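The values are calculated or read from the model by the stated rules, or taken from the named source; none is laboratory data. Here the structure is a predicted model, which is why all the values come from computation and not from measurement. Reconstructed Cβ throughout: ideal geometry from the backbone, glycine too, with neighbour counts over all protein chains shown.
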Number of protein chains: 2
Amino acid sequence: MTTVHRAGPLFTDLYELTMAASYYANRVFAPATFSLYIRPYRAERNFFVAAGLEQVLDELASFRFSAQDLNYLQTTGRFAADFLAYLTQLRFSGQVYALPEGTIFFADEPVIEITAPIIEAQLLETFLLNTVGFQTMIASKAARCFHAAAGRPLIDFSLRRTQGRDAGIKVARSTFLAGFEGTSNVLAGKIYGIPVSGTMAHSYISAFDSELEAFAAYADTFPNHSIFLIDTYNTLAGAQNAAAVAKEMKQRGQALIGVRLDSGDMAGLSRKVRKILDDAGLHAVKIFASSGFDEFKIAKVVSQGARIDAFGVGTKVGVSADAPYVDIVYKMVRFNKRNVRKLSPGKSTLAGEKQVFRKSDREGRYLEDIIGLRNESMQDGRPLLEKVMADGKILRAHPALQAVQERFKKNFSSLDDRYKSIEDHIAYPVKLSRRLQELQKTS
Amino acid sequence: MTTVHRAGPLFTDLYELTMAASYYANRVFAPATFSLYIRPYRAERNFFVAAGLEQVLDELASFRFSAQDLNYLQTTGRFAADFLAYLTQLRFSGQVYALPEGTIFFADEPVIEITAPIIEAQLLETFLLNTVGFQTMIASKAARCFHAAAGRPLIDFSLRRTQGRDAGIKVARSTFLAGFEGTSNVLAGKIYGIPVSGTMAHSYISAFDSELEAFAAYADTFPNHSIFLIDTYNTLAGAQNAAAVAKEMKQRGQALIGVRLDSGDMAGLSRKVRKILDDAGLHAVKIFASSGFDEFKIAKVVSQGARIDAFGVGTKVGVSADAPYVDIVYKMVRFNKRNVRKLSPGKSTLAGEKQVFRKSDREGRYLEDIIGLRNESMQDGRPLLEKVMADGKILRAHPALQAVQERFKKNFSSLDDRYKSIEDHIAYPVKLSRRLQELQKTS
């Protein structure tokens, strides 16, 4: 495992620091609770998959300003010396309640709640929104693909067009977390232990005098790890060439893993290619497909009876192209022992420290969620937010990424299929507890 | 200046490494030229702004596999020991031609061309597509806002919802490069020396007993750097409160910089707030606006006669929401002294090493571009691609970011306004030289 670089406390909007300076100067140190949640914003997202908590906890546990950070802040000419001295000492000392990664949740439900002296809690805002918002958005998009693929393996191919470097690494992790089987991203393989896979590019074929020669050369290098890209010149001729080389490999006791389609009518081509491979006795050679796949295109080719064994999923999932941001917010819900409510139209927030209770039927199928008060108990509802940090200390080791994926799969199988629709908005029932509703009247 | 972490050679798709292994095993070492360009893909993008070259050159100049990288590759079980030993020694030794950052360019024109032994050139593909594609996309989106704002300052407010950490930093840089005046992003301020600015959040107001008290407390801390957020309860009442505090500040010899609108009808509210401020004699207090701005919303409120002095531009620009990826590709155009052409329908590439020649009128206004051969000369066309790296060595110091912004502004003012339309697709004329056309027939 490689150490992942921390974002550091300067990964923030300036106003978080100026507000902190003003709280400091005005002696405002009381504890505040902030709630991180996604507002309802797009009909096409019926559910979300929690992701990003591991990075959040690592960052909070190591939160501190370096001498270099403080030097930079000093150069902005905005901050008093006593405040900068205060920042030197500042550590995160708060309490964190969170949905474990891989948990299915819904709009308006808190993903994370943080209670800490107001300066500490406020300074984290930008980092939390960025980290949890992006990773949750990608995991949720990936889960939609996982559903559409109906059991066919999915591989993340998005690295070349993600929005920057960190996005590339986090997309590999967030898609794996939500059911993908691997990634083409070598650095993510190294950092997170995600299985890596890949095929070949058109340029490889072009570097040889013929496609046949290129396939043969590649098979020489990777007698048991080869997937041939067959659409450089003509997909069906490419399939014939692949079959010819695969038969030679078979005679040598080797096995071609598969071929990859990268353009054209995927459903029709996949059937023709399957026939070419089967006619050559190559029933075990698999057909991979790439080229603009997302949940919509996967669902379409699956419904057309495509003979595709696995999908390489790239750009459109790596940037969540149909919904490239979530309306995630971080709102103060309690300050100095007083519950805080915001009433702006369309942007109202619910006062109070909360818990999400999930009711299930006897088979474990989810029935409805109740957002209640943190200190409520509900006989027939399982509380979803767990205390994961106390006084700035992480309370348990991070689960392995594979375990997070298993949590996701278990959660996802408990969610009724109608809420997984990729086309229709069908709202899972989320209600407010009586006590939470009453608290709003008095806040 | 802080050191920016390198992506490293494992920031790549696995197939770049497996192809390299196969080239190595088959003794394929001849030089190749790859061309990086954006395919026409969206009617809403009439032009692009080149960005990302600085990072590309730093990465290429320091390209090397660490022992840890090679250990990881060894664990994948795919690579022979002699190939891994070869990677230990591998450095980038090639030639790089590129459009300087800040250059306006168009679809199909090469942004970067790389000539190197095929293994070196191939291994860079994923990194180059990711780096140049993302930063160019954001700079191009920012330039559209710069045009729509018609001289009003723009500040990047996107950090909380960019796609990950690296994106946040690069958005600050790419928007500044394309005419923005600052960013809320403190880390980008530290790394790139971009001016930082900010206001306050609604939670700050909520932490005090009244809005008036909150404004006064903030002004105490920042007597000359305050911008009050006035929409927490009611924008017009907020403007009255801001005016009251601003008058007290004035009496103390201090100056409120401005107020910020963050919700509601921006054009109407800005006029009413302007009147409140003017009636209080606060003509110098500026009105800032944020909340969902992109080039479309900026153009709309400007056309409605909004009295807004500066825009905080966030999420929609930070993720390029209407077009969250570009169809950028990296194609082999020459290999082993042979020009290479790809003919797949809709994905054809032009063979040969190229240059872009720009023709201007006497006032410097751009007339048309000619894509020609690198070794052509054109009397009335200025070549845009510059040789920036020779034998793996950077040929000149990076220009300061401010100088890149000046290049952008000069380029942009030379582009006729009709090509800057944010609504209509009006194609700037890009032609192929006769010699480039002839070369296609023989490739």
- Item | The one condition in (1) within 14 Å of another protein chain (Cβ to nearest Cβ); (2) more than 25 Å from B:SER158 (Cβ to Cβ) that A:GLY305 fails to fulfil | (1)
- Task: Output yes when any residue across region A:117-126 is in a strand (DSSP E or B) and over 22 Å from A:TYR86 (Cα atoms), and no when none is.
- Result: no
- Count of residues meeting criterion [outside any loop (DSSP other than H, G, I, E, B) and either more than 19 Å from B:PRO429 (Cβ to Cβ) or not hydroxyl-bearing (Ser, Thr, Tyr) (or both)] in region B:343-392: 21
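For B:LEU415, indicate whether it is in contact with a strand residue (DSSP E or B) (Cβ under 9 Å, 6 or more places away or on another chain), assigned by TED's automatic domain parsing to the domain that holds B:ALA30 and in a helix (DSSP H, G or I). Working first, answer last.
Numbers: in contact with a strand residue (DSSP E or B) (Cβ under 9 Å, 6 or more places away or on another chain): yes; assigned by TED's automatic domain parsing to the domain that holds B:ALA30: yes; in a helix (DSSP H, G or I): no.
When the stated conditions are applied, B:LEU415 does not pass them.
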- Query: Just checking, how many residues over region A:309-328 are touching a strand residue (DSSP E or B) at 6+ places or on another chain (Cβ under 9 Å), of a type in the set (Val, Ile, Thr) and assigned to a loop (DSSP other than H, G, I, E, B)?
  - Reply: 1
- Item | The listed residue being out of contact with any helix residue (DSSP H, G or I) (no Cβ under 9 Å at 6 or more places or on another chain) and of a type in the set (D, E, K, R), out of A:ARG45, A:ARG64, A:ARG39 | A:ARG39
- Task: Give region A:193-213 a look and list any residue that's touching a Leu at 6+ places or on another chain (Cβ under 9 Å) and facing chain B (nearest Cβ under 9 Å), or say none.
- Result: A:VAL196, A:SER197, A:GLY198, A:THR199, A:MET200, A:ALA201, A:HIS202, A:TYR204
- Query: Mind checking which pairs have a first residue in region A:8-21 that is on the phi > 0 side of the Ramachandran plot and a second that is modelled with pLDDT of 95 or more and assigned to a helix (DSSP H, G or I), Cβ under 8 Å, 6 or more apart or different chains?
  - Reply: A:GLY8/A:ASP69; A:GLY8/B:LEU187
- Query: Got a sec? Which helices (runs of 4 or more DSSP H) wholly within region A:12-108 have at least 2 residues that are more than 10 Å from every other protein chain (Cβ to nearest Cβ)?
  - Reply: A:53-61, A:67-75, A:81-89
- Give B:ASP322, B:ASP309 a once-over and let me know the one that is surrounded by fewer than 19 Cβ atoms within 10 Å (Cβ to Cβ), on the phi < 0 side of the Ramachandran plot and either touching a Pro at 6+ places or on another chain (Cβ under 8 Å) or of a type in the set (A, V, I, L, M) (or both). B:ASP309
- Which ones in region A:169-190 are over 19 Å from B:GLN68 (Cβ atoms) and within 8 Å of another protein chain (Cβ to nearest Cβ)? A:LYS170, A:SER184
- Report whether or not B:GLY264 is crowded, with 21+ Cβ neighbours inside 10 Å, within 14 Å of chain A (Cβ to nearest Cβ), small (Gly, Ala, Ser) and within 30 Å of B:GLY238 (Cβ to Cβ). no
- Among (1) more than 26 Å from A:ASP327 (Cα to Cα); (2) outside the structural domain of A:LYS431 (by TED's automatic domain parsing); (3) crowded, with 21+ Cβ neighbours inside 10 Å, which single condition is A:HIS5 missing? (3)
